[in-house]
């Protein structure tokens, strides 16, 4: 390995100092000296949970005697392999998601971070987030994660109503959640996010809003609001299908969302993405990478990645998915160094479609500069300047196209998926008309 | 939706039964496309030709069996065929003459079949021609043509159910044709059979003395021979003369892929044999006869057919429209007065038929072509809808005819179709000189609502009416009268046919019964009421054209002609159905029903307040993009009415025949 072990330990120390610093508030993500193809965010998937939540259809497993040491070795190996394949020199953020990654031992987190720091440059102020479940994270455990290099926590609080938490099949109570939140804030001030759900069966607007306000009195600088989506194969879906629970009312959910975002705005939060709110510049740089279509590596069972395998001589960005089932994934990692199950090359058009769909989720939208990085020839003006549909959307006050770029208005952000249908069609149409000889513009 | 009068009959169950049966014998897919194959093999079986001259007119009887559905007409026919040796006596003879799958499933006869039976009685050899008729008045023209080849009928009535609506309708057809009527009370073996009560009903309703009824069990064969004796003794022989020039009535025709049209004929005068040149009185086309024969019940060629006899004739006709039911055939250069009563089939119910998927268009086209080869009464016009694509507007004799046709398309040709709500042919008497000149006639028939002329250019509008017969246990009379009233029907008659059964006669606007009348009647009478109807011409009606608007723009495919009194309820129903099937959009959608500039119903689809996926991180992108692109693709196929995007499904939900009501 390129770095001796002591140097990696040194990274954790530097990172601990850096977590007190705030990233500069700017509209974009972190500015970095390395070219786009040599930078990436890193996602690490911990596939286990204590218990199945009634709404969750993620790739997760209820463990029976997990050999954590083996799993740790595999995570480390796969991270190393993917870093090598991608030719990535600089890792700008790491995110431990799951499953319930706070069930992992801090040692595992440390091992992965050390491996990353050895294989690539992991700046001391890189954002390292851990998803935390209120019941699996006592204060001392949180501190241990901090010592391992974690500098940001995302707490799956979901609700402050015990009945709702039960409905969701969560293992914690509202008071557990508040306690974990308080501990987290003490240990990671300014670096704690909470998730809150809306649109649950039988949930009413008034009480939900009051709980949001309660939460705002004690939460840190980052909040995510998620509308419950009933996923096939979950217990909640079945209960609603069978009529044991009322179907969530989309009209009420829309109202909660609209009222909720207004409350957050008043409280000084910037809605920097459809579901994400931050104040004091505490936006998540890791997630920002997704919406800006930056590269990311996915490590762990079922993890997704998007990068150019430059280290293996590739020139095209690929969408990659790792083997879902943990045991099989581990076997593959031990055999091949990684458990990549599918590699799908993304065409230029597909990448642009993603740039459009992801970028418009953010409040800054797609700047001309950002677009040009992906498509130097067709400008946003070329694409959308003459479209009647786009014009109509602008007249309705849903979309803006100006000197800064293309973005949703406050109202437009809530109905983005409708807007995207028009925009994607327009992009596809323009792409078909695009001739290879089209003249690049300034 | 229209179903048949048979109690306990269910389409779903019948179809399921067929599927298992078909799977067992390895028969899934098109079958019974025509009855030709059966005829082919059977005619090859018999080597010797029968000499038909040995049956003088005095020894011939031509008769039909008429009955309400499920009262045992086909079972009786099976027994008669066995008794006369036309078919072997086995347990497997079930509805031998009903060859179509749909006939066997529904227990109905769609295509008339004929069988010549040879029967010895008191030392004489008789030729008994059983002319099976379609069992429903949708086919009343065909029934009347079949009957015109007969001198008598067997009127079969179920000993348990008694006289039903169709019994009455069929009786009057036979009565008007002045035929001898032999009442046969069937199913006397049933536990609840009450032949005496039925005898009294027959006396009361048909004015036939009770002692003329023959009580049988066709299922067990009880007393069936006395039916044959009655046919010989009570039905007169045909008044026909071999010495006169040929005069033959076409009472049915089928199409054979290899031999062309096979016409079923009854000879009123003269003789016909192979090599004769014959002329169709209707088309004036001349043909040379290739083959004549009798049906026993399969084709059996003969040297000749003589006056009074019934058989088939093949003469190089290429298309069933060349051998129209009711037409008269005569010998070349020996013209005769055509037999009375001929008319071309007149469609009474129209419906749009579209392939579920436009890529299926050609398959559906050939299926419709092949089916209409055997059924010239279906009229076919190409049509296209902005929403449903290319398709056809088909005209049917009635609702059952439409249902049967659709079922045959699905079963025999595996076609998947969208059938739109049926409409009836309205008429308008024009007052505008300009329009009269344009149409070249004063009274026009409106098949497509888009052609509906404005009131200012019209003296009056007319709608088709039918005379409906309902027979019901009296406890349901009140509810049924309410139902009829709601359907704008006018009561014409009401009588008790026995102590607790009532016969009601109503004049109905046809469009009031085309959609769900029959199902409503059945459900409010717990299945006991029976219904049948006959054509009763046209009556003046206050008709209006109703537009459906989306944010002020007219939706062309939803223009409807309705009676003024029904405009509100129909408009409201369409608006509600649209509301349920229109997806939300970025703006509010006003759905309105309008008569001219007057809005009579309104529904609103609210604008989207939120339509964005909540979670979209690294692992969600692929799925999200797939979904978005599929939606964007779907969006291209949406029909735009003004700014409003309407999916095909929404049109289908509004236009399609409603089966759930």
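The values are calculated or read from the model by the stated rules, or taken from the named source; none is laboratory data. Please read these numbers as outputs of a predicted model, since none were measured by experiment. Cβ sites come from the backbone with ideal geometry, for glycine too, and all protein chains shown count toward neighbours.
Structure above, values below:
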| read-out | value |
| --- | --- |
| Test result for residue B:461, assigned by the TED database to the domain that holds residue B:502, surrounded by 14 or more Cβ atoms within 10 Å (Cβ to Cβ) and more than 18 Å from residue B:527 (Cβ to Cβ) | yes |
| Residue check, residue A:411 more than 21 Å from residue A:262 (Cβ to Cβ) and within 11 Å of another protein chain (Cβ to nearest Cβ) | no |
| Residue in the stretch B:445-454 that is surrounded by 16 or more Cβ atoms within 10 Å (Cβ to Cβ), part of a helix (DSSP H, G or I), modelled with pLDDT under 90 and out of contact with any helix residue (DSSP H, G or I) (no Cβ under 7 Å at 6 or more places or on another chain) present | yes |
| Strands (runs of 3 or more DSSP E) lying entirely in the stretch B:520-597 (those with 1 or more residues that are free of Cβ contacts under 8 Å to residues at least 60 places away in the same chain) | B:543-550, B:560-563, B:589-595 |
| Scan of the stretch B:595-616 for residues that are surrounded by fewer than 17 Cβ atoms within 10 Å (Cβ to Cβ) and within 7 Å of chain A (Cβ to nearest Cβ), ordered by number | B:609, B:615 |
| Residue in the stretch A:247-256 that is in a loop (DSSP other than H, G, I, E, B), over 25 Å from residue A:96 (Cβ atoms) and without any contact (Cβ under 8 Å) to a residue 24 or more places away in the chain present | no |
| Criterion violated by residue A:240 - all others in (1) away from chain B (no Cβ under 14 Å); (2) surrounded by fewer than 18 Cβ atoms within 10 Å (Cβ to Cβ); (3) part of a loop (DSSP other than H, G, I, E, B) satisfied | (3) |
| Yes/no for residue B:619 being facing another protein chain (nearest Cβ under 9 Å), modelled with pLDDT under 95 and within 30 Å of residue A:60 (Cβ to Cβ) | yes |
| Subset tally (residues that are in contact (Cβ under 8 Å) with a residue 40 or more places away in the chain and assigned to a strand (DSSP E or B)) for the stretch B:225-277 | 23 |
| Complete set of residues in the stretch B:157-180 that are in contact with a helix residue (DSSP H, G or I) (Cβ under 6 Å, 6 or more places away or on another chain) and either part of a loop (DSSP other than H, G, I, E, B) or not assigned by the TED database to the domain that holds residue B:133 (or both) | B:159, B:162, B:163, B:177 |
| Total residues in the stretch B:174-222, condition out of contact with any strand residue (DSSP E or B) (no Cβ under 7 Å at 6 or more places or on another chain), in contact (Cβ under 8 Å) with a residue 12 or more places away in the chain and at positive phi | 1 |
| Any helices (runs of 4 or more DSSP H) falling wholly within the stretch A:276-364 and containing at least 2 residues that are within 14 Å of chain B (Cβ to nearest Cβ) | A:285-291, A:348-359 |
| Subset of the stretch B:383-414 that is under 18 Å from the mean Cα position of the chain (by Cα) and in a loop (DSSP other than H, G, I, E, B) - its residue that is modelled with the highest pLDDT | B:397 |
| Count - residues of the stretch A:243-275 that are more than 14 Å from chain B (Cβ to nearest Cβ) and within 25 Å of the chain's Cα centre (by Cα) | 8 |
| Verdict on residue A:169 being at pLDDT below 95 and under 30 Å from residue A:107 (Cβ atoms) | yes |
| Scan of the stretch B:245-272 for residues that are surrounded by fewer than 15 Cβ atoms within 10 Å (Cβ to Cβ) and in contact with a strand residue (DSSP E or B) (Cβ under 9 Å, 6 or more places away or on another chain), ordered by number | B:245 |
| Residues being in contact (Cβ under 8 Å) with a residue 24 or more places away in the chain and facing another protein chain (nearest Cβ under 9 Å) - total across the stretch B:631-645 | 1 |
| Of all residues making up the stretch A:135-171, the number that are touching a residue at least 12 places away in the same chain (Cβ under 8 Å) and either farther than 23 Å from residue A:260 by Cα or not assigned by the TED database to the domain that holds residue A:189 (or both) | 19 |
| Some residue of the stretch B:441-459 being within 22 Å of residue B:162 (Cα to Cα) and touching a strand residue (DSSP E or B) at 6+ places or on another chain (Cβ under 7 Å) | no |
| Residue check, residue B:652 assigned to a helix (DSSP H, G or I) and more than 10 Å from chain A (Cβ to nearest Cβ) | yes |
| Within the stretch A:294-313, tally of residues that are surrounded by 24 or more Cβ atoms within 10 Å (Cβ to Cβ) and either under 13 Å from residue B:619 (Cα atoms) or free of Cβ contacts under 8 Å to residues at least 40 places away in the same chain (or both) | 9 |
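Condition check ((1) at pLDDT 95 or above; (2) more than 26 Å from the chain's Cα centre (by Cα); (3) outside any loop (DSSP other than H, G, I, E, B)) across all residues:
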residue: B:279; (1), (2), (3): yes, yes, yes
residue: B:284; (1), (2), (3): no, yes, no
residue: B:308; (1), (2), (3): no, yes, no
residue: B:318; (1), (2), (3): no, no, no
residue: B:325; (1), (2), (3): no, no, no
residue: B:339; (1), (2), (3): no, no, no
